[in-house]
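One structure is given here, and the rest of the page talks about it.
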Amino acid sequence: WAKSDGKARWTLFDPERNAHRMTRQSLSSSLRPAVERGEFVLDYQPLVRLEDGGVRGVEALVRWQHPHFGLLTPNRFIGLAEEDGSIVQLGRWVLRTACRQARQWQLENPGRPPVFVSVNVAVRQVWDSDLVADVADILAETELAPELLQLELTESAVMGSAGRPLQALQSLSDMGVRIAIDDFGTGYSNLAYLSRLPVSVLKLDGSFVRGFQYDAEAGEAHINPADEVIVEALVQLAHRLGLTVTAECVETTSQAARLRRIGCDTGQGWLYSRPVTPDRISALLAAG
Ligand code: C2E
Ligand code: MG
Ligand code: MG
Ligand code: MG
């Protein structure tokens with residue numbers, strides 16, 4: 001019967017799939033204790049003013065130093081953490097650690113304009129936890145000014161956000177915390193809708209910048225010239241609605257030049273820096 005049912009059997013016993021499932025299970029069951037054991041770390045990636053290359057802020061990006069699997073990037077575990085709810089605990093740890101770090105950078109660099117920290121917030125943190133109280137507590141505890149905290153939410157977290165989520169966004173914004181829409185352009189939200197929410201920053205998804213017009217000299221792979229037109233229109237519209245715009249995944253100088261010409265405010269990407277450890281950011285700030 002093995003022959004006639006070859007395909008189904010393969011699916012059932014595929015060792016790679018099985019290993020994958022076991023990894024998922026084992027990761028999922030160790031998420032909660034891992035938060036308590038302190039197995040997570042934050043890297044930070046500079047958010048750079050396109051005009052002059054100055055560092056305005058940093059985005060905190062979580063990594064898991066797993067005892068068996070090594071250093072795991074968030075794509076491996078954030079989805080699981082959302083599923084099993086441990087994202088609430090992990091998210092609180094990320095917020096506290098990032099705010100404490102931002103305050104420390106401010107104290108280390110007196111007389112310089114302080115850099116803000118931008119923290120990713122999962123849908124479930126907005127819906128299932130008391131995000132507003134957590135943020136208020138953490139800001140008080142770390143003595144970080146609310147203006148130095150930015151929260152990144154995806155479109156799906158704010159879409160149709162009547163009731164509780166909208167109230168949360170409003171309270172955070174009233175507190176002085178900035179709200180950014182992450183990966184903008186990948187979902188179905190529109191600017192007209194977003195402009196009615198207390199949102200002040202759009203982070204254009206990396207796919208737009210990747211599609212910028214081909215530059216043979218810079219060795220760029222050509223994708224879609226229409227993206228540049230779309231980004232230009234989005235930036236203009238966003239500015240007229242009082243939003244600032246950050247571009248993700250800026251990898252080449254020609255992409256940065258185009259974004260600057262278009263009037264995009266901030267850029268983030270490998271051209272400036274990969275996500276790095278906090279001591280590298282300290283060195284960068286001390287030098288700049
Ligand atoms: P994101 O918030 O859109 O973060 C940007 C991602 O793009 C990061 O991946 C970053 O390393 C990567 N990146 C930055 N510059 C470039 C570039 O020039 N080229 C390319 N190809 N990639 C670039 P990372 O660190 O693997 O994070 C992936 C996602 O995981 C994040 O996407 C965010 O959605 C999520 N995430 C990270 N940290 C947290 C967290 O603390 N909480 C939650 N809820 N989600 C997080
Ligand atoms: Mg982000
Ligand atoms: Mg993003
Ligand atoms: Mg992204």
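The values are calculated or read from the model by the stated rules, or taken from the named source; none is laboratory data. A quick note: this is a predicted structure, and the numbers were derived from the prediction, not measured. For neighbour counting, all protein chains shown are included, and Cβ atoms are generated from backbone atoms with ideal geometry for every residue, glycine included. Note: accessible area is taken over every heavy atom of the protein model, side chains too, but ligands, DNA and RNA are not part of it. Shrake-Rupley method; radii C 1.70, N 1.55, O 1.52, S 1.80 Å.
Miscellaneous remarks
- Under the Debye formula (equal points on every Cα, no solvent term), log10 I(q)/I(0) of the chain at q = 0.15, 0.17 Å⁻¹: -1.22, -1.44
- Projected label points at residue 283 and residue 49, each 7 Å from Cα along the beta carbon direction, are separated by 2.5 nanometres.
- Heavy-atom accessible area ranking, 1.4 Å probe, most first, across 152, 232: 232, 152
- Extension gain (nm, one decimal) between residue 83 and residue 166, 0.36 nm per residue minus Cα-Cα: 27.7 nm
- Counted residue by residue at 0.36 nm each, then reduced by the alpha carbon distance between them, the extension gain from residue 107 to residue 186 reaches 24.7 nm.
- Dipole magnitude of the range 102-176, debye to nearest 20 (Cβ charges: Lys/Arg +1, Asp/Glu -1, about Cα centre): 140 debye
- Solvent-accessible area per residue, Å², over the chain with all protein chains present [probe radius 1.4 Å]: 51 Å²
- Over the chain, dividing the summed -39,500 (n - 2.57) contributions of all DSSP H runs of at least 4 residues by the number of residues returns a 222 nm mean residue ellipticity of -14500 deg cm²/dmol.
- Taken as Cα centroids, the range 108-149 and the range 224-240 sit 30 Å apart, rounded to the nearest whole angstrom.
- In this Cβ point-charge picture (+1 for Lys and Arg, -1 for Asp and Glu), the range 72-210 has a dipole of about 300 debye about its Cα centre.
- Subtracting the Cα-Cα distance of residue 253 and residue 230 from 0.36 nm times their residue separation leaves 6.3 nm of extension gain.
- Element breakdown for the range 48-111 at a 1.4 angstrom probe: carbon and sulfur atoms account for 47% of the accessible area.
- When +1 charges are put on Lys and Arg Cβ atoms and -1 charges on Asp and Glu Cβ atoms, the dipole computed for the chain relative to its Cα centre reaches about 480 debye.
- Accessible area (Å², 1.4 Å probe, nearest 10) - residue 26: 40 Å²
- Across the accessible surface of the range 136-195, with the other protein chains kept in place and a 1.4 Å probe, carbon and sulfur atoms take up 51 percent.
- Model label points for residue 26 and residue 133, set 7 angstrom from Cα along the Cα-to-Cβ axis, are 3.8 nm apart.
- Among 121, 177, 35: highest mean-square fluctuation, GNM of the chain, C-alpha pairs under 10 Å: 35
- With N counted as the residues of the range 164-215, its alpha-carbon radius of gyration over 2.2 N^0.38 Å works out to 1.38.
- Sequence-separation-based contact order of the chain, relative, with Cα cut under 8 Å and 6+ spacing, percent: 17 percent
- Between the listed residues 116, 157, 131, the Cα displaced farthest toward the positive end of the dipole of the range 91-161, a dipole computed from Cβ unit charges relative to the Cα centre, is found at 116.
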